[in-house]
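The values are calculated or read from the model by the stated rules, or taken from the named source; none is laboratory data. None of the values given here were measured: they were computed from a predicted structure. Note that we place each Cβ from the backbone using ideal geometry, even for glycine, and neighbour counts take in every protein chain shown.
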Amino acid sequence: MSEVENVVIIGSGPAGWTAAIYAARADLNPLVVVGVPKTVPSIVLPGGQLMLTTEVENYPGFPEGITGPDMMVAFQKQAQRFGTRIRNDDIVSCDFSKKPFALETDKGETILANAVIIATGATANWLGLENEMRLARSGGGVSACAVCDGALPAFRGQPLAVVGGGDSALEEASYLTKFGSKVYIIHRRDEFRASKAMQQRIFDAPNAEPLWNKTVIDVLGDDVITGVLLKDTVTGEESTLDVRGLFVAIGHTPTTGFLDGTGIELDDAKYIDLKTRSSKTNIDGVFAAGDVADSTYRQAISAAGMGCIAALDAEHYLSSDC
């Protein structure tokens with residue numbers, strides 16, 4: 001029979017690595033299952049959404065900024081310094097019906113654990129265009145987080161575009177109006193789905209302009225974005241819009257599919273439903289941290305804070321009569 005792990009952390013973004021740092025320093029000998037890279041239907045990389053962020057300038061402690069990938073390497077090294085172990089697998093299913101918990105990997109192996117921290121994050125929904133994916137991976141001016149990237153020097157004083165029509169899209173656009181010379185909001189319908197208050201904020205912004213009944217059918221540019229190719233959803237007419245940044249704001253999908261049938265409570269959008277400010281799920285011994293349980297903030301620092309809470313909660317659980 002497999003050795004039973006004290007605590008297994010599923011996921012390797014800011015929440016997962018912070019949980020590992022705290023758990024390792026508490027002598028819990030944590031195991032982190034980091035996941036495997038995937039690009040279809042969305043970009044999923046070990047390290048989470050920060051692996052697609054060129055410059056992180058809003059995380060305390062890095063006055064000159066740091067790239068997302070470099071930050072995740074630093075997080076991992078710090079966790080490993082205290083003895084964190086790593087497995088390069090995906091968890092495809094879980095059995096939380098009895099203890100120890102059983103976690104099935106994509107290789108058909110079973111990991112047993114007394115406690116589990118789920119930190120699998122959420123992936124941005126992309127348009128699915130080849131050039132969009134290429135420029136997002138290379139840091140060429142395509143992003144899924146305006147708050148993360150919008151203030152970078154490359155976007156200041158430049159024409160920018162946001163794709164979407166909900167509250168998240170208009171919040172992104174409103175944020176970008178502080179930096180871009182012009183912010184276009186590309187929406188496939190003739191009215192926004194966002195709240196009236198959020199719509200009014202956009203209509204009142206002198207450098208914001210909605211583009212109704214438009215979809216992006218291609219992203220232009222080799223090393224960096226130079227524009228987007230649009231198609232009118234009513235007439236079918238195609239046009240080119242010159243922009244130096246494209247922010248895709250059509251939602252996120254939490255990585256919770258592997259939890260189907262486990263009994264873990266999810267909300268209507270499939271995020272793990274935490275009833276309190278703690279990391280405790282509805283199943284004793286199973287905790288959640290980061291974007292997988294946070295549809296609101298989705299920031300590296302808030303995810304890291306949740307990872308800390310999850311490790312402390314797990315430590316308390318394991319030290320009690322679990």
Only one of V234, V224 is surrounded by fewer than 16 Cβ atoms within 10 Å (Cβ to Cβ), over 24 Å from the mean Cα position of the chain (by Cα) and of a type in the set (A, V, I, L, M, F, W, C), namely V234
The residue that is modelled with the highest pLDDT, considering only those in the range 177-203 that are of a type in the set (D, E, K, R) and closer than 26 Å to G157 by Cβ, is K182
Note on the range 264-322: residues outside any loop (DSSP other than H, G, I, E, B) and of a type in the set (F, W, Y) are F287, Y317
Those residues of the range 183-210 which are surrounded by fewer than 17 Cβ atoms within 10 Å (Cβ to Cβ) and assigned to a strand (DSSP E or B) amount to E209
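Inside the range 139-176, can you point out the residues that are in contact with a strand residue (DSSP E or B) (Cβ under 8 Å, 6 or more places away or on another chain), under 21 Å from I301 (Cα atoms), assigned to a helix (DSSP H, G or I) and of a type in the set (A, V, I, L, M)?
Residues satisfying the conditions are A146, L176.
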Within the range 273-315, residues being over 17 Å from I21 (Cβ atoms) and either among the charged types (D, E, K, R) or surrounded by fewer than 24 Cβ atoms within 10 Å (Cβ to Cβ) (or both) number 18
Given (1) out of contact with any Pro (no Cβ under 9 Å at 6 or more places or on another chain); (2) surrounded by 15 or more Cβ atoms within 10 Å (Cβ to Cβ); (3) at pLDDT below 95; (4) among the small types (G, A, S), S320 misses just (2)
When the range 74-111 is checked residue by residue, the ones that are aliphatic (A, V, I, L, M) and surrounded by fewer than 15 Cβ atoms within 10 Å (Cβ to Cβ) are A74, V92
